[in-house]
Amino acid sequence: MDIEEMKKIHGPIVRLAYDINVVNLEAKKNPKKLIATAEKFYHDQINSIVKKVVEKQIKIIKIAGPSASGKTTTAKLIASTLKKVGIGSVVISLDDFFLPREKTPKLPNGNYDFENITAIDQKLYTKFMKSLINNCFANKPIFDFIAGKSLKTELIKINNQDVIIIEGIHALNPIFEKGLNAKKYNIYISCEANYVWGRELLIPARILRLMRRCLRDFYKRGTSIDETLKAWPNVCRGESDYIKPFKYTANFLLDSTHVYEPLLYDVYLKPLLIHSNKENKYIQDFNYIFSKTGKMTKDYIPANSLIWEILVKNDN
């Protein structure tokens, strides 16, 4: 929802919660309908954004938000929706502008602090963006996360009418605005909904994102559940320090919650917890949550769903 519209309708504070009992019931009655309802809620937001971008003749769309919010899929969906209305675009990820590993800032414990804004090569990013806007072409680095550095570059070309879509956790930070004189539209994406069990807060929105990250990192980055949980406190610190302060500078707050998600995670995350540290509080919380949720498989999830950023289509 557009922030100004949201404030007019709901006031400055908006809270949303789903009753897991109702979700469980609806999933049993008609899982296809429940999924379709959730997908429509998300895609309607994408369509609203594209409408605003077209009306305002936006040149740059910036998408920021905390970890596991769905920034990558959202950027691609906005690009494909723009294409349907005859507008070209290019998607740029801030992750490709990470500093080489040896220059990455470190935490007091010696671990790399990838959440820190200084982990991004700001000068290289600004140089790239200026060239892309002024010359309609630029060489973009391609960061290799295994090697810990950029091993090659990619020539990006655009037309004067094309929209540039920037996605990354720091995309709304004004430090990346320097010298970029173009009309912008800022989006902040996150899971905004909690889940309740009666009067009990069962799944806070941040824990839903942690579930997403556990699955995504396991399936797509080869990271164990325990490793993801160990990194989570620093991820949350990074959110508070570098991401959330710019939430309300956005033109649009996008809620990426898909109401049926917890039922999926009962099926696909819960089995992965068997080999994790049973003493970990997050593991205990997950198991308690799954004692309350129903179950749903991914059979009816459409191909263009954000959920495929978290799951894979061919896992067992």
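Stokes-Einstein at 20 °C, 1.002 mPa s, Kirkwood radius from Cα pairs: D for the range 217-265 in µm² s⁻¹?
Working: Rh = 13.5 Å.
This corresponds to a translational diffusion coefficient of 159 µm²/s.
Determine the gain in length on full extension of the stretch Tyr112-Thr223; use 0.36 nm per residue of separation and subtract their C-alpha separation, reporting nm with one decimal.
38.4 nm
How much FRET efficiency would the formula 1/(1 + (r/R0)^6) give for Glu200 and Lys244, where r is the Cβ-Cβ distance and R0 is 22 Å, rounded to 0.05?
Given R0 = 22 Å and the Cβ-Cβ separation, E is 0.30.
With only Lys, Arg, Asp and Glu charged, each at its Cβ (+1 for the first two, -1 for the last two), find how big the charge dipole of the chain is about the Cα centre; round to the nearest 20 debye. Display every interim value, and only then the final one.
Numbers: 49 positive and 34 negative charges, 102 e Å.
Dipole about the Cα centre, nearest 20: 500 debye.
Of Phe98, Phe41, Phe145, how do they rank once you tally other Cβ atoms within 10 Å and put the fewest first? Walk me through the numbers before you get to the answer.
Working: Phe98 23, Phe41 14, Phe145 11.
Taking fewest neighbouring Cβ atoms as first place, the list is Phe145, Phe41, Phe98.
Would you mind calculating the gained length between Lys29 and Arg101 on full extension (0.36 nm times residue separation, minus the Cα-Cα distance), in nm to one decimal?
The Lys29-Arg101 span can extend by a further 20.9 nm.
Would you calculate the separation in nanometres between label points at Lys152 and Ser80, each defined as 7 Å from the Cα along the Cα-to-beta-carbon direction?
Using points 7 Å along Cα→Cβ, the separation is 2.5 nm.
Output the 0 to 90 degree angle, nearest 10, between the alpha-carbon long axis of helix 20-29 and the longest principal axis computed from the alpha carbons of the chain.
Here the helix axis deviates by roughly 80 degrees.
Which listed residue (Phe114, Thr81, Gly148) has the Cα farthest towards the positive end of the charge dipole for the range 73-148, taking +1 on Lys and Arg C-beta and -1 on Asp and Glu C-beta about the Cα centre?
The listed residue farthest towards the positive side: Thr81.
Using only the alpha carbons of the range 103-245, what is the convex hull's orientation-averaged projected area in square nanometres?
Working: hull surface 45.3 nm².
Average of the hull's projected areas for the range 103-245 equals 11.3 nm².
Under a GNM of the chain (C-alpha, springs under 10 Å), which listed residue has the highest mean-square fluctuation: Glu200, Glu39, Glu239?
Glu200
In degrees from 0 to 90, rounded to the nearest 10, what is the angle of the helix 71-84 Cα long axis to the longest principal axis of the chain?
The helix 71-84 is inclined about 60 degrees to the chain.
Can you compute the charge dipole magnitude of the range 188-303 about its Cα centre, using +1 on each Lys and Arg Cβ and -1 on each Asp and Glu Cβ, nothing else charged? Give it in debye, rounded to the nearest 20.
It comes to approximately 80 debye.
Under a point spin-label approximation (7 Å from Cα along Cα-to-Cβ), what is the Lys298-Lys278 distance to one decimal in nm?
Result for the modelled spin labels: 2.8 nm.
Quick check on the chain: what does the Kirkwood estimate of hydrodynamic radius come out to from the alpha carbon pairs, in Å?
For the chain, the Kirkwood estimate is 20.7 Å.
Kirkwood Rh over Cα pairs of the range 168-316 into Stokes-Einstein at 20 °C, 1.002 mPa s: D in µm²/s?
On the way: Rh = 17.0 Å.
Value of D from the Cα-based Kirkwood radius: 126 µm²/s.
Please find, in a Gaussian network model of the chain (springs between Cα atoms separated by less than 10 Å), the residue of Leu107, Leu124, Leu210 whose mean-square fluctuation is greatest.
Leu107
Read the figures in this text as sums done on the coordinates, not as results from a lab. Small disclaimer: the values here were computed from a predicted structure and weren't measured. Glycine also receives a Cβ, built like all others from the backbone with ideal geometry; neighbour counts cover every protein chain displayed.
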